[in-house]
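Scroll down for the structure; my scribbles are underneath it.
The values are calculated or read from the model by the stated rules, or taken from the named source; none is laboratory data. On a predicted model such as this, the values are computed, not experimentally measured, just so you know. Cβ: placed from backbone, ideal geometry, glycine included. Neighbour counts: every protein chain shown.
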Amino acid sequence: MTDETVQKISTTGPGEGNFYPAGFNEVYVKVRAEDSGGTFELIEEVCKPGFVSRLHRHDTRSQTFYIVEGSAEFIVDGKSFAAKAGSSIHVPPGVPHKITSDDGMKMLMIYCKAGLENLFAAVHALTPEEAKDPEFTAALSRTHDTIMMDDASQGTVLG
């Protein structure tokens, strides 16, 4: 058994986990790649009113959303889904998706396979100038399996 497949017990309370403030978002990584042996990550994201993500896809990992509070519109493979508390959305690898939330929301996201925390950490480390450069952030996102598919004016790298 390699270190990559070793799983370990992990506990996080409310407001705990690796924290990444990201524009309109507050991101808490609750189960990290190293906790799950790289098989998945569990991330809690709080999106303030007016949240908009860019249309994007992940080519090597699936993403599952569970809405805890609030509501959002999900566009998945060109189809709209009005999600509210208790809703779930599963997006397989390669499927374009976008999220907007007029009133704000809290959601849980499961990334399978793990690795998206690295994108949150990289975005968090950007200078203000880098964060405002849509070409730079799109290139950065591509290195973390997040491929932007629309005009940069449609939202930011993480919303």
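Here are the numbers:
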item: Residue match in the stretch 30-43 (condition: within 24 Å of Ile147 (Cβ to Cβ), within 12 Å of the chain's Cα centre (by Cα), crowded, with 20+ Cβ neighbours inside 10 Å and of a type outside the set (A, V, I, L, M, F, W, C)); result: yes
item: Condition check for Val95: modelled with pLDDT of 95 or more, in a loop (DSSP other than H, G, I, E, B) and in contact with a strand residue (DSSP E or B) (Cβ under 9 Å, 6 or more places away or on another chain); result: yes
item: Qualifying residue in the stretch 65-76 (condition: hydrophobic (A, V, I, L, M, F, W, C) and within 21 Å of Leu126 (Cβ to Cβ)); result: no
item: Identity of the residue in the stretch 48-68, charged (D, E, K, R) and modelled with pLDDT under 95, that ends up nearest to Glu26 (Cα to Cα); result: Lys48
item: Criterion violated by Lys48 - all others in (1) under 13 Å from Leu108 (Cα atoms); (2) among the basic types (Lys, Arg); (3) surrounded by 14 or more Cβ atoms within 10 Å (Cβ to Cβ) satisfied; result: (1)
item: Only one of Gly38, Gly94 that is touching a helix residue (DSSP H, G or I) at 6+ places or on another chain (Cβ under 6 Å) and either free of Cβ contacts under 8 Å to residues at least 12 places away in the same chain or under 26 Å from Thr5 (Cβ atoms) (or both); result: Gly38
